[in-house]
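For reference, the structure is listed below as structure tokens.
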Amino acid sequence: MKILFVSPDPRPERWTQLLESALPEAQWIVWHPEMPCQQADYALVWQPPEILFKKEPQLKAIFNLGAGVDALLKLSKLPKELPIFRLEDAGMSAQMAEYLVHQVAEITRMMPAYRQQQQQKTWRMQAPCRRYEWPIGFLGMGQIGLKAAKALAMMEYPVASWSRTEKQIEGIESFHGQEQLGAFLNRSRILINTLPLTPDTQGCLNQALFDQLPDKSVVINVGRGQHLAEMDLLKALDQGKLSHAVLDVFSEEPLPNSHPFWSHPKITLTPHISAPTLREETVRQISEKLKRLAAGNEVSGKVDRTRGY
């Protein structure tokens with residue numbers, strides 16, 4: 001089995017050493033565009049160039065080194081019938097739960113006010129958190145967001161989810177389809193976006209959506225930067241419709257120094273760290289899938305191109 005590792009990582013050996021240990025029977029090749037055709041069976045990819053698919057048309061499948069495949073699906077040379085497997089969790093859901101619980105607690109427990117009081121040497125208790133006053137809505141309910149939703153529900157926040165199709169999750173109120181989106185937004189004082197990026201969801205965090213949230217709501221975006229209409233968010237914050245926004249993903253990364261998000265007093269900004277890919281867990285998952293695929297067995301995580309994830 002010959003497998004290509006295709007990534008702009010300047011230190012690919014950090015991956016290939018682990019891959020060779022996990023799957024020593026395979027021949028691992030760090031691919032670069034100047035190479036002739038390697039007649040490889042599979043490729044592990046992150047942000048691959050178009051020329052890969054021209055030079056290696058015989059590939060049986062590709063494995064994406066991340067959960068999001070939106071950039072990959074935009075490649076014009078990507079063969080239409082080539083199976084694509086996305087990363088499933090691989091340690092990301094626990095990180096996402098930790099990040100979101102932290103951000104929710106920051107807001108509902110008034111932590112910025114306490115930090116300011118510390119600077120002022122002021123000893124004063126803020127109003128206690130009444131969790132029923134902070135209904136949380138997850139826009140999208142995939143595998144990575146599920147653990148966070150369950151964790152917040154266990155902490156007795158009212159948690160709901162909205163998805164394209166109906167889902168039954170114990171302890172979480174379920175909304176689905178366009179006909180239930182308005183009711184879902186109307187009850188979500190904290191809106192957490194975990195949707196995949198597709199043509200249907202691009203720009204979905206916009207003024208029309210913000211207008212359906214309760215006044216003084218909070219928006220947390222850990223999906224994709226392209227979900228957010230940036231000027232609409234700034235307007236909603238400046239006009240007081242939204243009280244705060246937590247942003248971990250951006251249309252342009254790194255975020256330019258001149259971007260107004262850096263200095264906006266109602267925005268908490270983090271550099272795409274809510275759920276980074278973990279190498280050891282990723283290698284373990286992909287190597288097991290490669291073994292199953294090579295043996296002719298079914299493998300989970302195959303991308304449905306009609307849905308975009």
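Assorted remarks:
- Once semi-axes √(5λ) of the Cα gyration tensor in Å is calculated for the structure shown, the corresponding label among [x] 44, 26, 14; [y] 33, 26, 15; [z] 39, 21, 19 turns out to be [z].
- For the range 121-136 versus the range 172-222, the spacing of their alpha-carbon centroids is 24 Å.
- Ordering of 244-257, 275-288 by packing is 275-288, 244-257, highest average first (other Cβ atoms within 10 Å, averaged per residue).
- Counted by neighbouring Cβ atoms within 10 Å, the residues Trp134, Trp162, Trp262 run from fewest to most as Trp262, Trp134, Trp162.
- Residue-averaged [θ]222 nm for the chain, counting only DSSP H segments that reach four residues, each worth -39500 (n - 2.57): -9000 deg cm²/dmol
- Extension reserve of the Gln239-Glu81 stretch, reckoned as 0.36 nm per residue once the Cα distance is removed: 52.1 nm
- Between Met1 and Glu50, the FRET efficiency estimated from the beta carbon spacing at R0 = 25 angstrom works out to 0.50.
- Spacing of the two label points (7 Å from each Cα toward its C-beta) at Met155 and Asp200, in nm: 3.1
- Between the range 140-167 and the range 1-66, the Cα center-to-center distance that results, in Å: 35
- Calculated FRET value between Met231 and Glu298, using beta carbons and R₀ = 45 Å, to 0.05: 0.50
- Gained length - Gln39 relative to Asn186, 0.36 nm times residue gap less alpha-carbon distance: 47.5 nm
- Hits among lysines - C-alpha to C-alpha of Lys77 under 16 Å, sequence gap 8 or more where chains match: Lys54, Lys55, Lys60
- Simple rule: put +1 on each Lys or Arg Cβ and -1 on each Asp or Glu Cβ in the chain, find the dipole, and look at His176, Met96, Tyr132; the Cα lying farthest toward the positive end is Tyr132.
- Annotation: for a label point projected 7 angstrom from Cα along Cα→Cβ of Lys266, residues of the range 214-228 with backbone N closer than 20 Å are 214-222, 227-228.
- In the range 92-269, lysine pairs closer than 16 Å at Cα, eight or more apart or cross-chain: 7
- Each residue in Lys2, Lys55 was given a count of other beta-carbon atoms within 10 angstrom of its own, and listing them fewest first yields Lys2, Lys55.
- If the chain linking Asp211 and Asp70 were pulled fully straight, counting 0.36 nm for each residue of separation and taking away their Cα-Cα distance, it would gain 48.0 nm.
Here, each number is a calculation from the coordinates, and none is a lab measurement. These numbers were taken from a predicted model, which means no experiment stands behind them. Here the Cβ is made from the backbone with ideal geometry for all residues, glycine too, and neighbour counts use every protein chain on show.
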